[in-house]
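A short write-up of the structure that comes next.
The values are calculated or read from the model by the stated rules, or taken from the named source; none is laboratory data. All figures in this text were calculated on a predicted structure; none of them were measured in a lab. With ideal geometry, Cβ positions are generated from the backbone for all residues, glycine too; neighbour counts draw on all protein chains shown. For accessibility, only protein heavy atoms count, side chains too; no ligands or nucleic acids. Shrake-Rupley method; radii C 1.70, N 1.55, O 1.52, S 1.80 Å.
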Amino acid sequence: MSAFSNARWVGTIQATRVGVQLLSLLVLSRLLSPADFGLIAMVFTITNFATLVRDLGTGAAIVQKAVLDPKTTLTAHWSNCFIGLSLGLLLIAGSWPAAWFFQAPTVQPLLQLLALCFPILGSTTVHQALLERESRFALLARIEIIAVVTGFIVAVTTAVLGFGAYSFVLQSLTVAIVSAVQLWMVSELQ
């Protein structure tokens with residue numbers, strides 16, 4: 001694929017992600033209370049810090065390495081699995097102090113549920129990097145679009161059913177699971 005084609009697909013991914021996030025906020029702002037948004041803001045404040053260190057740059061290293069051998073790929077994969085699991089466990093353990101700090105007991109189960117995203121996403125970092133390395137951005141766009149649209153549907157459905165702040169967490173968890181399953185299905189990493 002050409003650089004222009006790759007850039008077009010990356011732009012499609014970003015535009016879809018931003019568009020679905022805006023639509024999600026517009027719809028959910030009508031279905032959820034300000035208290036639900038406050039709870040989710042507390043939870044996402046914590047998880048956003050964990051997201052910064054999720055892959056420690058291993059994905060970019062896989063994409064940029066001139067010669068990539070199976071040992072390096074597997075080491076990066078298992079390192080990311082371990083980091084994702086560790087971050088998930090750290091967030092679960094930190095959910096009690098976070099609930100105490102914010103004086104909001106509901107933060108604890110929300111944070112614990114959202115922590116499940118980290119092992120799932122950690123297990124797919126190298127899968128995604130290998131597809132990027134091969135310039136398979138059309139495939140990555142399809143995976144991303146299906147995941148974010150499915151997450152949006154889950155968020156709206158659960159909000160209508162009265163799940164409150166859990167709607168946002170279930171949206172994130174759905175996006176992680178749907179993208180992970182697709183990446184595992186198309187990956188050549190064994």
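For the stretch 135-182, rounded, prolate or oblate, judged on the Cα gyration tensor with a ≥ b ≥ c (square roots of eigenvalues), a/c < 1.5 rounded, else prolate if a/b > b/c? Working shown, then result.
Numbers: a/c = 4.03, a/b = 2.80, b/c = 1.44.
Judged from the Cα gyration tensor, the stretch 135-182 comes out prolate (a/c at least 1.5, a/b above b/c).
What ranking of ARG17, ARG142 comes out by heavy-atom accessible area, probe 1.4 Å, highest first? Numbers along the way, then the final one.
Values: ARG17 70, ARG142 110 Å².
Listed by decreasing accessible area, they come as ARG142, ARG17.
Name the residue from LEU22, ALA3, TRP78 whose Cα lies farthest towards the positive end of the charge dipole of the stretch 1-106, charges +1 on Cβ of Lys and Arg and -1 on Cβ of Asp and Glu.
ALA3
Carbon-plus-sulfur fraction of the accessible area of the stretch 47-190, 1.4 Å probe, in percent? Write down the numbers at each step before the final one.
On the way: 5090 of 7250 Å².
After summing per-atom areas, the C and S share lands at 70 percent.
Solvent-accessible area per residue for the chain at a 1.4 Å probe radius, Å²? Before the final figure, lay out the partial values.
On the way: 10070 Å² over 190 residues.
Normalised by residue count, the accessible surface of the chain is 53 Å².
Looking at the chain, do any whole DSSP H helices span at least 15 angstrom along their long axis by alpha carbon and average 1.0 or above on Kyte-Doolittle, and which?
Values: long enough: 3-31 (41 Å, 0.79); 34-52 (27 Å, 1.34); 70-102 (45 Å, 0.84); 137-160 (34 Å, 2.11); 166-186 (30 Å, 1.57).
TM-like helix candidates: 34-52, 137-160, 166-186.
Sequence gap at least 6, Cα distance under 8 Å: using those rules, report the relative contact order of the stretch 129-184 to the nearest whole percent. Can you show the working numbers first?
Details: 38 pairs, mean separation 21.1, N = 56.
Relative contact order of the stretch 129-184: 38 percent.
Given contacts defined as C-alpha pairs under 8 Å and at least six residues apart, what's the relative contact order of the chain, whole-number percent? Spell out each step's value before the answer.
Values: 211 pairs, mean separation 57.5, N = 190.
Value for the chain: 30 percent.
Would you list VAL43, VAL20, VAL53 from the most to the least accessible area, probe 1.4 Å?
Numbers: VAL43 0, VAL20 25, VAL53 65 Å².
Of VAL43, VAL20, VAL53, the descending order of accessible area is VAL53, VAL20, VAL43.
Of PHE37, PHE163, which has the most accessible area and how do the rest follow, probe 1.4 Å? If you can, show how the numbers build up before the last one.
Details: PHE37 55, PHE163 95 Å².
Largest accessible area first, the list is PHE163, PHE37.
Let me make sure I get this right: for the stretch 7-94, a, b and c are the square roots of the gyration tensor eigenvalues over alpha carbons, sorted descending. Under 1.5 in a/c it's rounded, otherwise prolate if a/b > b/c, else oblate. Which is it?
On the way: a/c = 4.08, a/b = 1.51, b/c = 2.70.
Taking the square roots of the gyration eigenvalues as a ≥ b ≥ c, the stretch 7-94 is oblate.
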